[in-house]
Amino acid sequence: APVLVPILGDQLTRSLASLRGRTKDDTVILMMEVWDEATYVKHHKQKIVLIFSAMRHFALELRDAGWTVDYVKLDDENNAGSFTGEVARAIEDHDPRLVSVVEAGEWRVREDMDQWADKFACEVEILRDDRFICTQSEFDEWAEDRDTLRMEYFYREMRRKTGFLMDGDKPEGGEWNYDSENRKPPKDGLSAPERPKFEPDEITQDVIDLVEDRFDDHFGSLENFRWPVTREEAEEAADAFFAERIECFGPYQDAMVAGEDDLFHSMLSTSINLGLLDPLELCQRAEKAYKDGKAPLNSVEGFIRQIIGWREYVRGFYWHQMPHLQKANALNAQRGLPEFYWTGETDMACLADCIRSTRENAHAHHIQRLMVLGNFALLAGVNPREVQDWYLVVYADAYEWVELPNVAAMILYADGGKLASKPYAASGNYINKMSNYCSGCTYSPNKKTGEGACPFNPLYWLFMDRHRERLEKNHRIGRIYSTWDRMDEERRQEYLDSAEAFLDTLEPASKGWAR
Ligand code: FAD
Ligand code: DLZ
Ligand code: SF4
């Protein structure tokens, strides 16, 4: 009897723990396109194409290398529609002596997986996903006894653990973090070299047809599908980043330019999360670019921090805070998600551009997700569940373990400040400084209230006023209230009225776009 190795859609690497040490004539690999996964939220069409196409390519690669792969397509006649149903069917077909699987990235799936040992009449082993460098017990130990969890201190531990950019026990260059050098506003006409784009091959085209047929009512356009779907393509995308964009990655990390959808970002998250690229290898390449004098320390440190810092940290945080993180709503935000998040129909130029990119590319870069889309949802008091669903649907790199901490804790402060030391609330001034959006907007960032005022301005003060009791005590934000208190009563009222008048114009989403 063979060993059955189920490989999930975001576990597409030959160095997966469940394949290590297995022999080809003694193993059946199971890969399954299942309806449950494709619809637990109504994912962006490109996200489904990406995952199915990458799965199909990976299955071929495994077969070419001599592995036996049982690949279940979405439309296969007997497809049971769920991971558990398909594993049960494969156990009947192959009569394995053992099911060996790598733990799922998401709570929902891991709960099901934890039942397998009881459900199935054969042994089941669930292996740790060692594509991540920090184990959960390591994270939990670090988090224990801390009221607040800060990425920065966790990150230093990961620097020590991996040895990246370490000079003995000191950080390279003397500082752990060079973010202060990474806030350059975009110069006029800032543009970046175009990233490699991968035209759909026959396999991808088949999946595109399937998705157009079966997921027609899902959000997003398929026209622009150019994501890497194999390790080879992903490597090419990484090569281009290290050759052409990493130098400016740091300085312009927070910049936004209308129509420039990628700027100097790596655009590698989809490939890393699928398993096509190894995060540690990318950090090694970044460090080498610095050592070879091809990229400045602030760029390289910033890139490495995103990966061994933020990426590892949010994963640890997710498992540490689940399942209650899903329901957290510390600021008691109750508004429905505005319809324009789905349609892009808003006269706020910054939001319109970020939503356009989201629809066309299933991507928006970090500062767009954080300071435009996220900041608006925070200030407008949109309820966390709907914002979570939106982010999980619309981005091709979105899995709950990475999406949820970023949305609930980072942008919405729904965890009450365990992850972020203060809410990332900002007025129009910030967006105006870091982008060229405002010059093409019907609103003016310099106008504070009344007609033509940038809505972020009054919303900012409404938010601060509403949450005064909680935020006044926060030493990073409390000072802002002296500015508020110095305004005369009438001025404060103008802000609040202006904000309420704007909020009254928001239409909540008209149909079930997400579920
Ligand atoms: P780069 O800017 O080139 O960064 C390099 C890599 O660092 C990324 O590929 C990613 O792997 C990692 N990284 C950077 N920031 C983060 C972060 N905050 N959390 C985790 N990893 C990070 N990233 C996802 O992969 N999936 C998501 O569902 C997701 N949802 C997000 C939601 C919100 C509200 C915010 C603010 C951020 C979210 N991020 C998410 C993080 C980040 O925006 C994306 O990883 C990034 O935009 C991907 O593009 P890139 O590969 O060009 O990133
Ligand atoms: C996101 C996704 C989708 C849309 N479809 C599938 C699928 O049909 N088969 C599969 O193996 N994986 C899919 N995925 C990715 C899974 O949701 C992902 O592996 C989970 O995060 C596991 O926790
Ligand atoms: Fe966005 Fe306000 Fe600038 Fe318009 S004026 S682009 S709404 S920040």
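The values are calculated or read from the model by the stated rules, or taken from the named source; none is laboratory data. It should be emphasised that the depicted structure is a prediction, and the values quoted were computed from it without experimental measurement. Cβ coordinates were reconstructed from backbone atoms using ideal geometry, including for glycine residues, and neighbour counts include every protein chain displayed.
Checking each residue in the stretch 297-338 for being in contact with a Ser or Thr (Cβ under 9 Å, 6 or more places away or on another chain), away from ligand 2 (no atom under 16 Å from the Cβ), in a helix (DSSP H, G or I) and under 29 Å from residue 355 (Cβ atoms) picks out 303, 306.
Scanning the stretch 423-433 for residues that are in a helix (DSSP H, G or I) and buried (at least 22 other Cβ atoms within 10 Å of the Cβ) yields 428, 431.
In the stretch 318-361, the qualifying residues are those that are free of Cβ contacts under 8 Å to residues at least 60 places away in the same chain and aliphatic (A, V, I, L, M), and the one that is surrounded by the fewest Cβ atoms within 10 Å (Cβ to Cβ) is 352. Looking at 255, 286, just one residue is within 30 Å of residue 225 (Cβ to Cβ), in the same structural domain as residue 221 (by TED's automatic domain parsing), crowded, with 21+ Cβ neighbours inside 10 Å and within 16 Å of ligand 3 (Cβ to nearest atom), and that residue is 255.
Would you confirm, using the coordinates I've provided, whether residue 241 is farther than 30 Å from residue 343 by Cα and more than 16 Å from ligand 3 (Cβ to nearest atom)? For residue 241, the condition - farther than 30 Å from residue 343 by Cα and more than 16 Å from ligand 3 (Cβ to nearest atom) - is met. Residue count for the stretch 109-122 under the criterion of being out of contact with any Ser or Thr (no Cβ under 8 Å at 6 or more places or on another chain) and either assigned to a loop (DSSP other than H, G, I, E, B) or among the small types (Gly, Ala, Ser) (or both): the result is 5. Answer with yes or no whether residue 408 is closer than 23 Å to residue 37 by Cβ, away from ligand 2 (no atom under 16 Å from the Cβ) and surrounded by 23 or more Cβ atoms within 10 Å (Cβ to Cβ). So residue 408 fits the description; yes. Working carefully through the options 40, 71, find the one that is within 16 Å of ligand 1 (Cβ to nearest atom) and surrounded by fewer than 19 Cβ atoms within 10 Å (Cβ to Cβ). The match here is 40. A single member of 505, 483, 442 is exposed (fewer than 14 other Cβ atoms within 10 Å of the Cβ) and over 20 Å from residue 373 (Cβ atoms), and it is 483. Evaluated against (1) on the phi > 0 side of the Ramachandran plot; (2) assigned to a helix (DSSP H, G or I), residue 267 falls short on exactly one condition, (2).
Looking at the stretch 379-401 only, could you name the residues that are within 16 Å of ligand 3 (Cβ to nearest atom) and surrounded by fewer than 24 Cβ atoms within 10 Å (Cβ to Cβ)?
Correct list: 380 only.
If I filter the stretch 400-409 for residues that are more than 10 Å from ligand 1 (Cβ to nearest atom) and of a type outside the set (D, E, K, R), do I get at least one hit? The answer is no, given that none of the residues of the stretch 400-409 is more than 10 Å from ligand 1 (Cβ to nearest atom) and of a type outside the set (D, E, K, R). Here residue 294 does not fit the description of being farther than 28 Å from residue 46 by Cα and assigned to a helix (DSSP H, G or I). Are any of the residues in the stretch 99-108 under 21 Å from residue 38 (Cα atoms), within 9 Å of ligand 2 (Cβ to nearest atom) and not in a loop (DSSP other than H, G, I, E, B)? Yes: one or more hits.
Here is a yes/no grid of residues against (1) within 30 Å of residue 440 (Cα to Cα); (2) without any contact (Cβ under 8 Å) to a residue 24 or more places away in the chain; (3) within 18 Å of the chain's Cα centre (by Cα):
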residue	(1), (2), (3)
222	yes, no, no
250	yes, no, no
258	yes, no, no
271	no, no, yes
274	no, no, yes
301	no, no, no
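Is it the case that residue 437 is touching a helix residue (DSSP H, G or I) at 6+ places or on another chain (Cβ under 6 Å) and hydroxyl-bearing (Ser, Thr, Tyr)? Spelling it out, residue 437 is indeed touching a helix residue (DSSP H, G or I) at 6+ places or on another chain (Cβ under 6 Å) and hydroxyl-bearing (Ser, Thr, Tyr).
Of all residues in the stretch 306-342, those satisfying the criterion of being under 15 Å from the mean Cα position of the chain (by Cα) and of a type outside the set (A, V, I, L, M, F, W, C) are 306, 309, 311, 312, 313, 315, 316, 318. Considering each residue of the stretch 151-174 in turn, none proves to be of a type in the set (A, V, I, L, M) and touching a Ser or Thr at 6+ places or on another chain (Cβ under 7 Å).
Looking at the stretch 143-160, is at least one residue assigned by TED's automatic domain parsing to the domain that holds residue 16 and within 21 Å of residue 325 (Cα to Cα)?
Step one: list which residues in the stretch 143-160 are assigned by TED's automatic domain parsing to the domain that holds residue 16, which gives none.
No: the stretch 143-160 contains no residue that is assigned by TED's automatic domain parsing to the domain that holds residue 16 and within 21 Å of residue 325 (Cα to Cα).
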